[in-house]
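Let me begin by presenting the structure, written as structure tokens, before commenting on it.
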Ligand SMILES: Cc1cc2nc3c(=O)[nH]c(=O)nc-3n(C[C@H](O)[C@H](O)[C@H](O)COP(=O)(O)O)c2cc1C
């Protein structure tokens, strides 16, 4: 049963970018800054063979510096239709591999490019939303969450099902008290 839950959990994550309008397209990604957690919504772009999660961001965004200082990261997904939660934790790699960057960067097309080309870094105060200025350079950074632990929780009757899967145990899982 645990093996099947693990497969279903990985598929649930993949549906996030494979199925249109699937709730797992978005997740909440946590970093640490000065010992305090910081969360934000991000789009899940890919899940690799090793179950790593791929995200795109602006090179100048706060999370990049935060992950450089402390790579510990966690992403949480919630599917309101199924009442399932998936938590993925591990170390965030700020990808340097040029081939990998090239492969993903070409997926940023058209209007989406705007998200990486603001004149000033994300989070800079601005007079109004209209006053944001743009330039040509794409400040694209590829983030790869190197998954170490995956936890799934499904709320259902008569029993909620909570499981933990760890890379160090070859992804074999165990049930937890929900
Ligand atoms: C629906 C939605 C999707 C988002 N997707 C991304 C994303 O894929 N990458 C990203 O860097 N920011 C994304 N953002 C913006 C982040 O939530 C955040 O505001 C921004 O990245 C700056 O975060 P930081 O200053 O904590 O680094 C998204 C926001 C929303 C509301």
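Since every read-out is calculated from the coordinates, none of them should be taken as a lab result. This one's a predicted model, so the numbers in the text were calculated from it and none came from an experiment. We place every Cβ from the backbone using ideal geometry, glycine too, and count neighbours over all the protein chains shown.
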**Study point:** Scope region 126-155; condition surrounded by 11 or more Cβ atoms within 10 Å (Cβ to Cβ), assigned to a loop (DSSP other than H, G, I, E, B) and more than 21 Å from the chain's Cα centre (by Cα); matching residues
**Key:** 126, 132, 155
Review point. Taking region 89-99 as the region of interest, how many residues are surrounded by 16 or more Cβ atoms within 10 Å (Cβ to Cβ) and more than 15 Å from the ligand (Cβ to nearest atom)?
Key: 3
Practice item. Please give the number of the condition residue 102 fails out of (1) farther than 20 Å from residue 15 by Cα; (2) more than 14 Å from the ligand (Cβ to nearest atom); (3) outside any helix (DSSP H, G or I). Key: (3)
Exercise for review: Report, ordered by the first and then the second residue, all pairs with beta carbons closer than 6 Å, sequence separation of six or more or different chains, a first member in region 29-44 that is over 22 Å from residue 79 (Cα atoms) and without any contact (Cβ under 8 Å) to a residue 12 or more places away in the chain, and a second member that is more than 6 Å from the ligand (Cβ to nearest atom) and part of a strand (DSSP E or B).
Suggested key: 37/30
Review point. Limited to region 24-77, what total is found for residues that are part of a strand (DSSP E or B) and either surrounded by fewer than 16 Cβ atoms within 10 Å (Cβ to Cβ) or near the ligand (Cβ under 9 Å from one of its atoms) (or both)?
Key: 19
